[in-house]
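Heads up, the thing below is written out as structure tokens.
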Amino acid sequence: MKINFRNLGCVAALSTVLYAFSGCNESTILGKDLIPGTDKVNVKDTTLDNLITSNVYLADSSIRTGQGNYRATMGSVTNDPVFGKSHGFLYTQVGLSSSEYTFAGTGHVLDSVVLYIGCDTVWYGADAPLTFRIYRMNEPDFKIDSNYSYTRPLSYDPAELLGTATIGPVHPNDSLSIYGEKYAPQLRFKLSNTFGNEMLQQRADGAFKTDSAFRVFLKGFAIVPDTSLPNNRTMLFPNLNSGDTRLTVYYKNSTDDSLTANFPFQQYASAHANYFTRNYTGSDAAPYINTNKPEGENRIYLQEAPGIFSQLQIPNLENFPKSIINKAELVVTQISTGTEPSTVFTEPERLFLWRYITHDSLGYIIDYGNPSNPDLAYYGGNRTVIDLPGGIKVVQYKFNIARHLQFIVDRKLENSVFKLEAISSRYNIDMRGVRAGGGNAAPPANIKLRIIYTQL
């Protein structure tokens, strides 16, 4: 399975060197999961539970929208008790189907005008309707060859409201049939007749002469969720490059009915961007974020990016006895007592563990293997479900880090800080999250490192 990581910079080159370095020492590890037999009198089994965990929320500079990033996160969650509020805005252009375009015939009469947005048939939260407002953009120099940070709201004119629509998630069988032609599942936004009639007034020697002229007339659409509603619980995932994203004008002329004019999203020409924001005020997570306590926090919150991640320290690991590390397993366990507030979203399918090389640069854990062909089956980090006493089911994640620990014990690596985060294999901006036990949480939820070793 391949993981769709965000920009990793130059860490791949460094990690490849580390991987080659670790390969020379692999014979001393005694295999990946091998625990020596009882004749090995120095074999010991210990669990470290003095880990220090801190929750961090920062803007993620690696996440860019626009250019070749056609997927987006759009919607509004206003009442998630664990992770607070999340809102996603979509900006997009459409273009001419041909230069010097003209509507058929004469005597044009508008039936309706609709903006269609391709969308994945996956959503998070509730299968419930959301209200969106569509505005005319006035962002200067909005163009396809620009990358846009997800933290940057683009400009639109609040006075140019082109339509309001209440829509729900699309389902796999939600194909549309229009004038006998079937279309893939898509989001449908009916716009105002005022705007439709304005479109009908454009001519081939004016706004419809070229795409450049058309984009002067219509810089783009801002699709803005209504973030004021207290019960919003749905996030959608548009895919502009699928589902036949387009603006369609339905009209008739003096001789024909049921005519259509399509203004398509153009893969290599239509500018697009995604603005995404989180607000943790009043949430369960809020008191535990960016606290900078030396002792850390007793619970950790992990969200798929851009969201909260955890920094993890294992004190005095560099002073571990001279040993052969047979197994080292980092265990992360969800907090769920049956009385904790529940998040709207499901738990991440995978967590990922990095090590900090410097204050802000990351490297792979040696046990991850060659970055071009990682050993994920051994490395771990996958979501599993376990049973706790009392019939409570919780999610748990485990990482095998024996090789990495061996390098620290052998003084070939520093005992650096780790970064623990949720990873999405689908989208740059995603929504799943989990609340887990921190280093000083009460067992069995506390994060821990179990080590089986042969002391030398």
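The values are calculated or read from the model by the stated rules, or taken from the named source; none is laboratory data. Keep in mind it's a predicted model, so treat the numbers as computed, not measured. Calculation scope for accessible area: heavy atoms of the full protein, side chains included, ligands and nucleic acids excluded. Shrake-Rupley method; radii C 1.70, N 1.55, O 1.52, S 1.80 Å.
So the values come out like this:
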read-out: Amide proton proximity set for residue 126, modelled H, under 5 Å, gap of 5+; value: 233, 234, 235
read-out: Estimated translational D of the stretch 255-383 in µm²/s (Stokes, Kirkwood radius over Cα pairs; 4 °C; 1.567 mPa s); value: 65 µm²/s
read-out: Value of Rg to Rh for the chain (Rh from inverse mean 1/r over Cα pairs, i.e. Kirkwood); value: 1.08
read-out: Length gained when the stretch residue 146-residue 62 is fully extended (0.36 nm per residue, less Cα-Cα span); value: 28.8 nm
read-out: For the stretch 309-378 and the stretch 112-161, distance of Cα centres in Å; value: 36 Å
read-out: Expected-Rg normalisation [2.2 N^0.38 Å, Cα atoms] applied to the stretch 337-416; value: 1.40
read-out: Within the chain, helix-based [θ] at 222 nm, where runs of 4 or more DSSP H residues each add -39,500 (n - 2.57), nearest 500; value: -2500 deg cm²/dmol
read-out: Whole-percent carbon and sulfur share, accessible surface of the chain, 1.4 Å; value: 49 percent
read-out: Hydrodynamic radius (Kirkwood) for the stretch 187-232, which is based on Cα pairs only, to one decimal in Å; value: 13.0 Å
read-out: Additional length obtainable on full extension of the chain from residue 258 to residue 188, 0.36 nm per residue less Cα span; value: 23.4 nm
read-out: Accessible area in square angstrom per residue, the chain, 1.4 angstrom probe; value: 43 Å²
read-out: D (Stokes-Einstein, µm²/s), Kirkwood Cα radius, the stretch 44-164, 0.890 mPa s at 25 °C; value: 128 µm²/s
read-out: Built amide H within the under 5 Å cut-off of residue 424, gap 5+; value: 305
read-out: Cα pair distances exceeding 28 angstrom across the stretch 309-456, given as percent; value: 21 percent
